[in-house]
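Asker: The structure's right below; bear with me while I get my questions together.
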Amino acid sequence: MKIRQFCQLTAGSALALIFAAMPQMAVAQGIADAGSASPQPDEAVGNEGIVVTGSRIPRTGLTSTSPVATTTRDQIKLDRAQTIEDFSVKLPQLAGGNNNSFAGSDAFGAQTLDLRNLGQNRTLVLINGTRATPFSFRNAVDVNAIPASLIKQVDILTGGAAAVYGADAVAGVVNFILNDEYDGLEMSGSYKAANGGGSSFGGSLTVGGRIGDRGHVVGYLDYTQRNILRAGERDFALLRGAQVPPAGGNFTDVSSGRTFSFDEGGNFTLTPQTSNFTAQYPLIQPLKRYNASLFFKYDLLDQVELYGRGMFSNVRTTGSSRSGSQPVFVNEVVGINENNPFLTAQIRDRLTFVNGVAQVRVNRSLAELGIITADTERDSYQGQVGLRGEITPAIRWDTYGQYGRVSEKTTIHGDGIRNDASGKSRFAALVNSVDIFGPGATGLDALETQIQSNNRIREQIVGAATISGDTSDVFALPAGPVGFALGYEYRKENGRITNDAALTLGLSYRQGTETPLDASFDTNEFYGELLVPVIHDTFLVKKLTLEAAYRTSDYSNAGSYDTYKFGANWIVNDSLRFRGTRQTVIRAPNLGEFAGATASIPFSSLVTVPRLAPRYAGDPCVLGTGDAEQCARFGAPPPGSYDSRSAANLRGNYYFGGNPDIRPEKGKTFTIGTVFTPDFIPRLSLTVDYYDINLRDAVGQIQPVDALTSCYISNPTADNPLCAAVSRDPATGFIRDGFPIDRNLARIKQRGFDIGLTYSHDMPFGLPGTGLTWSYQGAIVTHYTIQRNEVLPVVSCKGRYGFACSSDAVSLVAPDYRHRASATWNFEDFLVQFGWQRIGEVKDSALGSNATIKAQNYFDLNASIRPIDKVTVNVGIDNVFKKKPPLPTNYGPFNTYPDTYNVIGRTFGISLTVRQ
């Protein structure tokens, strides 16, 4: 049904525009691709109009009013990138996002992009200027589905682009421009390796050529495999590992209170035990990926071109489930029979038998089931078919339909169903037939049940029609014709989640609950742009143009909203240009936010899952940091009365989900910058851009750490609404449940500078080579604040790390300075590049902490060689000096922050490319 709607939409839009345009069609050749951008953001081009990232108006020079940073194909090849992550982690504008070490979420091995630390759901990802299909219900795109080898360039636009591209472009846009005009045959292979694991390899084949004299086609195949790196292979990951109930078991006789335990060697002891399974956890998740793509364009008529693309990706990963990797554990009272064959004299002496049965509390990990893993297979499809042509030599039309579908299935291993059909404990039924006293019990593996989790289908339908060009056929202002673009876009988002009944009913040991979801929304949008030349060839003004954009959007789930953009581009002379924009932005509620049903995981996951640990710091009342009167008011136990960080004492649930009352996020952005290409220093290009992003009604959650801090420390009043975000057990006063439901809570503000510099010159002092090229991209944050709720204080997040300064609970480090710099020594058939990535110093965002992570520097060495014609060999070393990740006292997953810092160590790599 969806495909039929897609086809009808495409055909209808195409025919409508063709019939409207037919009477005025000129016999002109050379139809510009309205969905592509060119290699360098400020490079001069010919008279043929092109479209730049950030606008739909064709223009004769790449003079975008918005700041755009570009990463080229050559640099991606030099980085030997097998996946987008291989080079995106080095770009200073991008924060961590989900990556290959991000375990314990529903991303399941996906790689997402987070521009400016403002959240992956506020970063719009495009492919050749049109939307990439999200895999998640939070609108994040798995960029693993985009083949790195096919990328021509990557444009990163900062400052919002909602008036041009619609919702989600709040922080900006990342536009992957793929090579859809390749001619010839290219084969490539690559391999990367690090000590201990995490090696990867892959290969690709690209074939392209003409279809007679009227068209062109490009086909692409790719395979990538990344092997697992376990935490046990890195010493830093084993420090401060999560302690869970022991594999051998802790036992308490209920009648007498006598206790005994077994250590991991199976030895009887009266000392309570714990176990640590961290060494088995995946630090780098394995991945197998197949990509296939097809791009085509064909002249149906002299004035009409058919174009399109088809992309398919199959990704398979093995990582942690949403509730973490630790094994299942039981903490329940069972009946041990007096004739149990596994009782030793030592055990019998500690038990009290009544009518031949002793009631015993067993606190034990079921390590016999192994750690919990999540095997995920994700298929991504995206197809686009369009028609475009000329109405007059100065006016063009373009219409396309696009359908994308991401389906994934996750199988959980190592977990099981707690109770049988009659509601009785399955573990309790085994305790007299299996030796549960000590680790390695034969027979407990019968408790394991494979669970189908997160069977997710995500669909997106887009149809758009645009007329663009300029007024040169009718009139022109003294400074030139007026450029324009007018269009309509329809978008529909669908999402469905199904699970095993075990998840729907919350029957498993560790997976909590996950209810089904079936939701959709659509939007109808009309947009327009104007590019008005105001002054040209006068004193101090070679050219001054003003730009405006407007979009009105009608969301079926949120109502109607308007966004606008005003921009200016002032070319002083060939050496100096100024640019600036003022825009409003909007992000409509996504499927997960407005339709996501409430789900849960055990609250104990917040102390046993490294990724979730920053969300809970313990009970202030028991730690002695809480206000005594407030603690008494809510029935908290006295200081030191229990271990509030012990998984055994956290028996409630952590509930999360959507909210049908969510409203759109709205904001304003402002950018101003300069481009300096002085005649007196040939081959020097310097760009400096300032940006200001102000977002209100931002969607967020009040996490337990914030709620408890506000309720018991910073604002200990009886009517503090955040006190209700964490409940207590009415019998014991222990922390029980958390409720971080989506709400329009936050105010987020960020200001800063982007700096780009390239300079090439001949070799000095008679040194060999054809020249040196110096490159620098820097991101400087001058202001960054988050206020999660009106009763919470404004938190300064400039140069901070930790959960308090994460806008989406994913990227946890927000440095106020990052750069990537390189020096490239060029020869005729050889070049060497030395790269330097710097991540600035950050301070702990936790209340009262003075901890600091010093600035981190990573150095790379790359070389590209052409030993014979049409053969290129790239070799390199990433993290040359084997820099280890920092280990702060307030740490994230694996005692550091893998979203930002290198955890794999020094990596050696080689790639070979052969062209025909």
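Asker: Find the strands (runs of 3 or more DSSP E) located wholly in segment 838-916 whose residues include 1 or more that are at negative phi, acidic (Asp, Glu) and surrounded by 17 or more Cβ atoms within 10 Å (Cβ to Cβ), and list them.
Answerer: 842-844, 856-865, 871-878
Asker: Let me ask something else. Going by what's in this entry, would Arg348 be described as at pLDDT 95 or above and out of contact with any strand residue (DSSP E or B) (no Cβ under 6 Å at 6 or more places or on another chain)?
Answerer: The answer is yes for Arg348.
Asker: Taking segment 439-472 as the region of interest, how many residues are in contact with a Ser or Thr (Cβ under 9 Å, 6 or more places away or on another chain), surrounded by fewer than 21 Cβ atoms within 10 Å (Cβ to Cβ), of a type in the set (Val, Ile, Thr) and under 29 Å from Arg309 (Cα atoms)?
Answerer: So the count comes out to 1.
Asker: Additional query: Could you identify the single residue in Gly635, Gly673, Gly618 that is buried (at least 21 other Cβ atoms within 10 Å of the Cβ) and either assigned to a loop (DSSP other than H, G, I, E, B) or not aromatic (Phe, Trp, Tyr) (or both)?
Answerer: Testing whether each residue is buried (at least 21 other Cβ atoms within 10 Å of the Cβ) and either assigned to a loop (DSSP other than H, G, I, E, B) or not aromatic (Phe, Trp, Tyr) (or both) leaves just Gly673.
Asker: From the list Gln511, Gln452, which residue is within 30 Å of Asn139 (Cβ to Cβ), assigned to a loop (DSSP other than H, G, I, E, B) and within 25 Å of the chain's Cα centre (by Cα)?
Answerer: Matching residue, one of Gln511, Gln452: Gln511.
Asker: Just to be sure I understand, how many residues within segment 738-748 are in contact with a Lys or Arg (Cβ under 9 Å, 6 or more places away or on another chain) and part of a strand (DSSP E or B)?
Answerer: Residues flagged as in contact with a Lys or Arg (Cβ under 9 Å, 6 or more places away or on another chain) and part of a strand (DSSP E or B) within segment 738-748 amount to 6.
Asker: Looking at (1) in contact with a helix residue (DSSP H, G or I) (Cβ under 6 Å, 6 or more places away or on another chain); (2) surrounded by fewer than 16 Cβ atoms within 10 Å (Cβ to Cβ); (3) within 30 Å of Tyr381 (Cβ to Cβ), which is the only condition Arg551 fails?
Answerer: Here Arg551 clears every test but (2).
Asker: Give the residue that is nearest to Thr515 (Cα to Cα), with candidates limited to residues of segment 560-597 that are free of Cβ contacts under 8 Å to residues at least 40 places away in the same chain and not aliphatic (A, V, I, L, M).
Answerer: Ser560
Asker: Further question on the same structure: Do you know which residues across segment 303-321 are part of a loop (DSSP other than H, G, I, E, B) and within 30 Å of Arg230 (Cβ to Cβ)?
Answerer: The answer is Ser320, and nothing else.
Asker: Tell me, yes or no, whether segment 563-570 has at least one residue that is surrounded by fewer than 24 Cβ atoms within 10 Å (Cβ to Cβ), under 30 Å from Leu505 (Cα atoms) and out of contact with any helix residue (DSSP H, G or I) (no Cβ under 9 Å at 6 or more places or on another chain).
Answerer: No.
Per-residue answers, yes or no, for (1) over 27 Å from Tyr527 (Cβ atoms); (2) within 11 Å of the chain's Cα centre (by Cα):
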| site | (1), (2) |
| --- | --- |
| Gln75 | yes, no |
| Lys90 | yes, no |
| Phe108 | yes, no |
| Gln111 | yes, yes |
| Asp114 | no, yes |
| Val125 | no, yes |
| Asn128 | no, no |
| Leu150 | yes, no |
| Asp155 | no, no |
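Asker: Quick check on segment 388-431: of everything there that is over 34 Å from the mean Cα position of the chain (by Cα) and of a type in the set (Val, Ile, Thr), which residue is farthest from Asp473 (Cα to Cα)?
Answerer: Within segment 388-431, the match that is farthest from Asp473 (Cα to Cα) is Val431.
Asker: Being more than 43 Å from the chain's Cα centre (by Cα) and either charged (D, E, K, R) or in a strand (DSSP E or B) (or both) is the filter here; which residues of segment 262-296 pass it?
Answerer: Selection gives Phe268, Thr269.
Asker: Among (1) modelled with pLDDT under 90; (2) assigned to a helix (DSSP H, G or I), which single condition is Val699 missing?
Answerer: Going through (1) modelled with pLDDT under 90; (2) assigned to a helix (DSSP H, G or I) one by one, Val699 breaks only (2).
Asker: Right, next: For segment 423-433, does any single residue satisfy the condition of being in contact with a Leu (Cβ under 6 Å, 6 or more places away or on another chain), in contact (Cβ under 8 Å) with a residue 24 or more places away in the chain and within 17 Å of Ser365 (Cα to Cα)?
Answerer: Within segment 423-433 (the criterion being in contact with a Leu (Cβ under 6 Å, 6 or more places away or on another chain), in contact (Cβ under 8 Å) with a residue 24 or more places away in the chain and within 17 Å of Ser365 (Cα to Cα)), the answer is no, since none of the residues qualifies.
Asker: Of the residues Glu332, Glu377, Glu368, which is of a type in the set (Asp, Glu) and within 30 Å of Thr133 (Cβ to Cβ)?
Answerer: Glu377
Asker: Check Phe827 against each of (1) within 21 Å of Leu912 (Cβ to Cβ); (2) out of contact with any Pro (no Cβ under 8 Å at 6 or more places or on another chain); (3) surrounded by fewer than 20 Cβ atoms within 10 Å (Cβ to Cβ) and name the one condition it does not meet.
Answerer: Tallying (1) within 21 Å of Leu912 (Cβ to Cβ); (2) out of contact with any Pro (no Cβ under 8 Å at 6 or more places or on another chain); (3) surrounded by fewer than 20 Cβ atoms within 10 Å (Cβ to Cβ), Phe827 fails exactly one: (2).
Asker: So which residues in segment 203-242 are in a loop (DSSP other than H, G, I, E, B), in contact (Cβ under 8 Å) with a residue 40 or more places away in the chain and under 33 Å from the mean Cα position of the chain (by Cα), if there are any at all?
Answerer: Residues satisfying the conditions are Asn227, Ile228, Arg234, Leu239, Arg240, Ala242.
Asker: Follow-up. Among the residues that make up segment 411-430, is at least one of them of a type in the set (Phe, Trp, Tyr) and in contact with a strand residue (DSSP E or B) (Cβ under 6 Å, 6 or more places away or on another chain)?
Answerer: The answer is yes; a qualifying residue exists.
Asker: Suppose we keep only residues that are crowded, with 20+ Cβ neighbours inside 10 Å and of a type in the set (A, V, I, L, M) within segment 638-668. Which one would you say is farthest from Val699 (Cα to Cα)?
Answerer: Ala647
Asker: Now for a separate question. May I ask you to verify whether Ala502 is hydrophobic (A, V, I, L, M, F, W, C), within 29 Å of the chain's Cα centre (by Cα) and not in a strand (DSSP E or B)?
Answerer: yes
Asker: Filter segment 63-98 down to residues that are in contact (Cβ under 8 Å) with a residue 40 or more places away in the chain and either polar (S, T, N, Q) or in a helix (DSSP H, G or I) (or both), then give me how many there are.
Answerer: Final tally of qualifying residues: 19.
Asker: Suppose we filter Gly624, Gly559 for residues that are within 30 Å of Thr278 (Cα to Cα) and surrounded by fewer than 20 Cβ atoms within 10 Å (Cβ to Cβ); which single one remains?
Answerer: None of the other options fit; the residue is Gly624.
Asker: Give me the residue from segment 322-359 that is part of a strand (DSSP E or B) and either under 46 Å from the mean Cα position of the chain (by Cα) or free of Cβ contacts under 8 Å to residues at least 40 places away in the same chain (or both) and, out of that set, surrounded by the fewest Cβ atoms within 10 Å (Cβ to Cβ).
Answerer: Among them, the one singled out is Val333.
Asker: Here is a list: Ala237, Ala247. Which entry is at negative phi, touching a Pro at 6+ places or on another chain (Cβ under 8 Å) and crowded, with 19+ Cβ neighbours inside 10 Å?
Answerer: Just one listed residue meets the conditions, Ala247.
Asker: Would you please name the residue that is surrounded by the most Cβ atoms within 10 Å (Cβ to Cβ), looking only at residues in segment 392-438 that are among the acidic types (Asp, Glu) and farther than 30 Å from Gly483 by Cβ?
Answerer: My answer is Asp415.
Asker: Which numbered condition in (1) among the acidic types (Asp, Glu); (2) in a strand (DSSP E or B); (3) surrounded by fewer than 16 Cβ atoms within 10 Å (Cβ to Cβ) is the only one that Asp754 fails?
Answerer: So the condition that Asp754 fails would be (3).
Asker: Which residue, of Ser520, Ser508, is surrounded by fewer than 17 Cβ atoms within 10 Å (Cβ to Cβ) and at pLDDT 90 or above?
Answerer: Residue meeting the stated conditions: Ser520.
The values are calculated or read from the model by the stated rules, or taken from the named source; none is laboratory data. Only a predicted model underlies this, so the values are computations on that prediction, with no experimental measurement involved. Note that each Cβ is placed from the backbone with ideal geometry, even for glycine, and that neighbours are counted across all protein chains shown.
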